[in-house]
1. Take residue C:160 and decide whether it is free of Cβ contacts under 8 Å to residues at least 12 places away in the same chain, within 14 Å of another protein chain (Cβ to nearest Cβ) and within 23 Å of residue C:95 (Cα to Cα).
2. Provide a single number: the residues in the stretch B:20-33 that are over 24 Å from the mean Cα position of the chain (by Cα) and either more than 11 Å from chain A (Cβ to nearest Cβ) or under 21 Å from residue B:73 (Cα atoms) (or both).
3. Test residue C:57 against the criterion of being over 15 Å from the mean Cα position of the chain (by Cα) and touching a residue at least 24 places away in the same chain (Cβ under 8 Å), and give yes or no.
4. Scan the stretch A:72-84 residue by residue and report those that are part of a helix (DSSP H, G or I), under 16 Å from residue A:186 (Cβ atoms) and touching a helix residue (DSSP H, G or I) at 6+ places or on another chain (Cβ under 7 Å).
5. Please state which of the following conditions residue C:125 fails to meet, knowing it meets all the rest: (1) more than 19 Å from residue C:64 (Cα to Cα); (2) in contact (Cβ under 8 Å) with a residue 60 or more places away in the chain.
6. Would you point out which residue out of C:147, C:170 is surrounded by fewer than 23 Cβ atoms within 10 Å (Cβ to Cβ) and either within 19 Å of the chain's Cα centre (by Cα) or under 23 Å from residue C:86 (Cα atoms) (or both)?
7. Residue A:187: more than 9 Å from chain B (Cβ to nearest Cβ) and surrounded by 19 or more Cβ atoms within 10 Å (Cβ to Cβ), yes or no?
8. Tally time: how many residues in the stretch B:143-169 are touching a helix residue (DSSP H, G or I) at 6+ places or on another chain (Cβ under 8 Å) and not in a loop (DSSP other than H, G, I, E, B)?
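The values are calculated or read from the model by the stated rules, or taken from the named source; none is laboratory data. Since this is a predicted model, take the numbers as computed values, not measurements. Virtual Cβ from ideal backbone geometry, glycine too; neighbours counted across all protein chains shown.
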């Protein structure tokens, strides 16, 4: 019975479910909406952050538009949070993909305004203050602090452009400290992004630090892995699942007195 | 109950199923193996060609090794067919990813030989004959013929290196004509590869020509889409599903006399 | 005959060619090295920038290490240029993938020092000056100028975090203006990165502006497309090829008096 799946589809997507005439559409309702989205363990807003990361990375404008619309229409994420999502996503999946997400958000905001018969608020320039400290030394120092807070490991040396101008000056010296998405929210974007990027070390470091910091519990992490697998495939999901399982075993062992 | 899923897992993967302790592992057995692999409509060998394309593209050595092993151990694909798969995959997803698949195949052949207590047959140099005609003109002419046969559209002009040195000289002038995988087999590799590559025009052209040629029926195509979605995610699966559905509607309309 | 392919392999990779025992390895020598790398039309250094972008994006540490080593060992790109490549690549393909490239570069520098019996020069902190202007207003203004110079279109408004903090403050306000890679060099990295990212608008804008500015000629662009197709697959290559061909037709028409 796909009735529960159809209900879950409407709740999540804010539109009518498809007729389930192909194996793909049946599986969409029965698996994706009935067995994944309808699960407890994560809020719908959290599942949206994971899903938006996956659909924006997958270069599929149909699903991207549909999920941007649903996030806005449900009120689960407001325009400022979604704008911030796009900047964070740009860092982890690159600017070209993010530019498509940016366009998608603007078209879906427009669509929703039209549906609601509201005038869309005009955008104005963001304040310069929102760009963070101007002083390079202060910025790098705060970048190092933020790096340690997020990664729970020492900051890298300032010896390469990647680490200096990139990671400490911009990624941790600015992006992770911005308002509108919390550090925990940003983990719900970062984990799927590193999962789909296939880079072993970043997967390891972001999964481990999310669990070790207590920002994300192991049961929440398991839900992230399942949500990710549905949208970005079981092949990549398996890697994320293994890293999460191993990391949790190690963290648990450390915390249990009298174990090795 | 994931009993049927566990049985399907053993049949497909040729190893014991995982204990289903996390949401990901439960979904692996219940969805991936019980509701996808166990479906009728495609042979297990055909599902393997789709799946191998996805896991080799996903850069996940664990799943890649497991599926290479399973393909060999089940006898569904022999070493020569898998070698040929790797070359075809290289063309559509690029050389770097294929070189990892090449290593995976060799390690899994070795693993299987050890398990069976057999000596692994030494590889010998392939005959030069297998590289196809040396004469450039003949090669390009045959490439044009093969292009038309596969794509059901006229061959492109020889005006760019991409079309001349790449598409007509190498891809259709040689690879698609090689033995060990049939033209139909190669479609089971090409369709997932273009699906995950997100390139709208290649998705369109390969889905349409597979259906229009009769090499792949619409019900087989629908199964390919589901198998692909499981391994490469519903986000990209949705695009493939839509293209297949639209293409089939158009082909059906053309074939029905008296319809527009 | 793969003799020329084997010679080209040694010249490019700075190591011995593989024995060509599998279809994949034979095609590597015959197609990739004899028919692609050995072509005129781009310098080997330019082909390396395209190839490094592809192998770093493909998440394949073997090929990535091999190409980093070859770039260094040949002297085609020095460590500072490769460090700069990694930062530029991070912007277009995301930081997780770039962090793997960063590690690869350091290990290959170490390998080369050992082979040459030289002590590897210790890295020291980069100067703060290399982070560009501290003043936010100046930075955004220069970012707008650089955006126009690279894209040949007006800069976007400062209304979203993606455009303000990201594109104008960091990507064009800093990265594109850094030393060690010229603007033209950066195009040889950006074009493959947008090509593999599948985002239609960025592909369009970077291909068009590279041609229109005269930074890259149409014959160079055609070679980029072939090199890219070999390393990231013909599926994505086809898109890049079409955009380049269409863009060039349009530019030529504009420049020809008396045509529409």
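1. Yes; evaluated as a whole, the condition is true for this residue.
2. Going through the stretch B:20-33 one residue at a time, the tally reaches 1.
3. Considered against the rule, which asks whether it is over 15 Å from the mean Cα position of the chain (by Cα) and touching a residue at least 24 places away in the same chain (Cβ under 8 Å), residue C:57 comes out as no.
4. A:82, A:83, A:84
5. Checking residue C:125 against (1) more than 19 Å from residue C:64 (Cα to Cα); (2) in contact (Cβ under 8 Å) with a residue 60 or more places away in the chain, the one that fails is (2).
6. C:147
7. For residue A:187, the condition - more than 9 Å from chain B (Cβ to nearest Cβ) and surrounded by 19 or more Cβ atoms within 10 Å (Cβ to Cβ) - is met.
8. Adding up the residues that qualify gives 16.
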